[in-house]
Structures are given as C-alpha cells and as structure tokens.
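Novice: Below is one structure. I have some questions about it.
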Amino acid sequence: MTSDYRLAPPVAARLLGVSIAGFGLLIFLVTGVVVLLSAPVAVLWGAVVVSVVGIFAVGALLTRTGYVLRLTDDGYRVRLVRGAGVKQARWADVEELVTDTVAGAPCLIFRLRGGEATVLPVQVLAGDREELVREVGSHLARGR
C-alpha cells in the first residue's frame, strides 16, 4: 500500500511565485540584450514563449507530480525538503517516531538506528496532521 503526501497549497504557491519571478528576470535580461546589442526581437519572443511554457510546466509539476512524502510497505521517502536529513529509509531502520517543534515549526521526526534522523516539517504537507501521524504510525507498525 502506497500513500503520497503532496505539497501544501501555500508552499506550492510560494514556489510557483519564485519561478514566475525567475522567468520575469529572464525576460528582463533578454530585453536588455535585445536593446543593448540590437538583437532581433524574435529573441525576446523566444524568451517569452520559454517563460510561459516554463511557468505552466512548474505549475503542473507542483500540483500533479510533486509528492513530498511517500509511504510504502517497505519504508518512506522524502523529496523537496532541504535539510530533512536522511531522505529515505526502511521501516525496519526506524527506531522511533516522534513529533516535536524544530525552529518554531511542528515536525515529524523519524529517528533511525545509528543516530541519524529524518525531520519533516508537517506544514509543507497537504492534508490533516493527525491523519498523517496515524498513517505513518500504522505503516511503521506493519513494517516492523
């Protein structure tokens, strides 16, 4: 049984906003090149088309394919979270599952054998926090 937890909508919106700003910067820079070097306007149109396609691609990636946490019968995998620690592990390697506040954010912490850990801020996940903890606990119980 596999369960995926996707990005929370506010986090996805922030990431989309950053990508839009990046594509806007690309258009600004290409406009400067066209003006300063008398390059053809088609170069600018190319940058605009690439930016529009890029924005839609990032939006589709964030809303459809971007899972943050995947729970399987064998273990778990974390993506798109910087500083999470160990990104994937088997349930047999998890010694303890705890909830704690790290840097002011509520987190789910997978403590692993050998002293390593996975720290997952629950605010980046879409869905109910209590349901997440219950489902991770049931996967952990079955995986041991």
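The values are calculated or read from the model by the stated rules, or taken from the named source; none is laboratory data. On a predicted model such as this, the values are computed, not experimentally measured, just so you know. When we count neighbours, we look across all protein chains shown, and the Cβ atoms used for this are built from the backbone with ideal geometry, even at glycine.
Novice: Give the number of residues within region 1-49 that are under 30 Å from L71 (Cα atoms) and among the small types (G, A, S). Walk me through how you get there before you give the answer.
Specialist: Step one: of region 1-49, the residues under 30 Å from L71 (Cα atoms) are 1-19.
Among the residues that remain, those that are also among the small types (G, A, S) are: 3, 8, 12-13, 17, 19.
Result for region 1-49: 6.
Novice: Hey, another quick one. Find all pairs meeting these conditions: Cβ atoms under 7 angstrom apart; at least six residues apart or on different chains; first residue within region 113-135 and assigned by TED's automatic domain parsing to the domain that holds G85; second residue among the aromatic types (F, W, Y) and not in a loop (DSSP other than H, G, I, E, B).
Specialist: Sorted first by the residue in region 113-135, then by its partner, the pairs are A117/F110; T118/F110; L125/Y5; A126/Y5; G127/Y5; L132/Y5.
Novice: For G59, indicate whether it is touching a residue at least 40 places away in the same chain (Cβ under 8 Å) and more than 30 Å from S138 (Cα to Cα).
Specialist: yes
Novice: Okay, next question. What are the residues in region 130-144 that are surrounded by 13 or more Cβ atoms within 10 Å (Cβ to Cβ) and at pLDDT 85 or above, if any?
Specialist: Selection gives L132, V133, E135, V136, S138, H139, L140.
Novice: Which of the strands (runs of 3 or more DSSP E) found entirely inside region 64-113 contain at least 3 residues meeting this: modelled with pLDDT of 90 or more, over 17 Å from V124 (Cβ atoms) and not charged (D, E, K, R)?
Specialist: Of the strands (runs of 3 or more DSSP E) lying wholly inside region 64-113, those with at least 3 residues that are modelled with pLDDT of 90 or more, over 17 Å from V124 (Cβ atoms) and not charged (D, E, K, R) span 94-102.
Novice: Could you say which residue among S38, S3 is out of contact with any helix residue (DSSP H, G or I) (no Cβ under 7 Å at 6 or more places or on another chain) and either closer than 21 Å to R129 by Cβ or not hydrophobic (A, V, I, L, M, F, W, C) (or both)? Please lay out each step first, then the result.
Specialist: On the way: S3 fails: out of contact with any helix residue (DSSP H, G or I) (no Cβ under 7 Å at 6 or more places or on another chain).
Just a single option satisfies the conditions, and that option is S38.
Novice: Need the failing condition index for A39 against (1) part of a helix (DSSP H, G or I); (2) not polar (S, T, N, Q); (3) not assigned by TED's automatic domain parsing to the domain that holds L120, just the number.
Specialist: Condition not satisfied by A39: (1).
Novice: Got at least one residue in region 117-130 being under 19 Å from Y67 (Cα atoms), charged (D, E, K, R) and part of a helix (DSSP H, G or I)?
Specialist: The answer is yes; a qualifying residue exists.
Novice: If I filter region 2-13 for residues that are in a helix (DSSP H, G or I), touching a residue at least 12 places away in the same chain (Cβ under 8 Å) and among the small types (G, A, S), do I get at least one hit? Can you show your working first?
Specialist: Initial filter on region 2-13 (in a helix (DSSP H, G or I)): 9-13.
In the following step, the residues that additionally are touching a residue at least 12 places away in the same chain (Cβ under 8 Å) were identified as 9, 11-12.
From the residues that got through so far, the ones that are among the small types (G, A, S) too are 12.
For region 2-13, residues in a helix (DSSP H, G or I), touching a residue at least 12 places away in the same chain (Cβ under 8 Å) and among the small types (G, A, S): present.
Novice: Here's a follow-up. Which residue out of L80, L71 is more than 22 Å from A13 (Cβ to Cβ) and in contact (Cβ under 8 Å) with a residue 60 or more places away in the chain?
Specialist: L71
Novice: I would also like to ask the following. Just to be sure, is G54 assigned to a helix (DSSP H, G or I), closer than 23 Å to L15 by Cβ, modelled with pLDDT under 95 and not assigned by TED's automatic domain parsing to the domain that holds R134?
Specialist: Numbers: assigned to a helix (DSSP H, G or I): yes; closer than 23 Å to L15 by Cβ: yes; modelled with pLDDT under 95: no; not assigned by TED's automatic domain parsing to the domain that holds R134: yes.
In short, no.
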